[in-house]
Amino acid sequence: MTLAALLAVFPRSGAQEGQSLMMTVLPMILIFVVFYFLLIAPARKKQKQHGEMLRNLKNGDRVITNGGILGTVVGVSDEIVQLRVAEKVKIDVSKQAIAGMQGPAEE
């Protein structure tokens with residue numbers, strides 16, 4: 001028997017086709033919703049918090065860079081942050097290279 005003959009023996013009604021389409025699309029929608037709440041939303045929240053932290057950098061903040069360098073902020077501009085990493089040693093790093101805060105500076 002050919003495929004056309006099989007399809008002629010078992011005709012589908014319009015309601016069955018609609019249900020079949022819904023049953024095919026529904027799992028995909030559910031998977032997207034789960035991925036959104038488990039992966040996308042937390043990543044956006046973390047990215048927003050990191051951007052807020054970078055905007056609020058000020059002199060005296062202790063930070064760590066993506067490369068693992070610990071330092072104290074001694075200067076901030078739009079794109080560059082100057083860090084003191086030791087006595088009389090200052091380095092310039094990109095603001096985007098700051099990974100996080102280490103707490104208040106110890107005097």
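We did not get these values from a lab; they are worked out from the coordinates using the rules stated. Treat the numbers as computed from the prediction; the structure is a model and nothing was measured. A quick note on method: Cβ atoms are made from the backbone with ideal geometry, for glycine too, and the neighbour counts reach across all protein chains shown.
Output the residues belonging to the range 41-79 that are in a helix (DSSP H, G or I) and either among the β-branched types (Val, Ile, Thr) or farther than 15 Å from Gln96 by Cα (or both). Listed by number, the residues that qualify are Ala41, Pro42, Ala43, Arg44, Lys45. Might you check whether a residue that is in contact (Cβ under 8 Å) with a residue 12 or more places away in the chain, on the phi > 0 side of the Ramachandran plot and either surrounded by fewer than 16 Cβ atoms within 10 Å (Cβ to Cβ) or in contact with a helix residue (DSSP H, G or I) (Cβ under 8 Å, 6 or more places away or on another chain) (or both) occurs anywhere in the range 58-69? Scanning the range 58-69 turns up at least one residue that is in contact (Cβ under 8 Å) with a residue 12 or more places away in the chain, on the phi > 0 side of the Ramachandran plot and either surrounded by fewer than 16 Cβ atoms within 10 Å (Cβ to Cβ) or in contact with a helix residue (DSSP H, G or I) (Cβ under 8 Å, 6 or more places away or on another chain) (or both).
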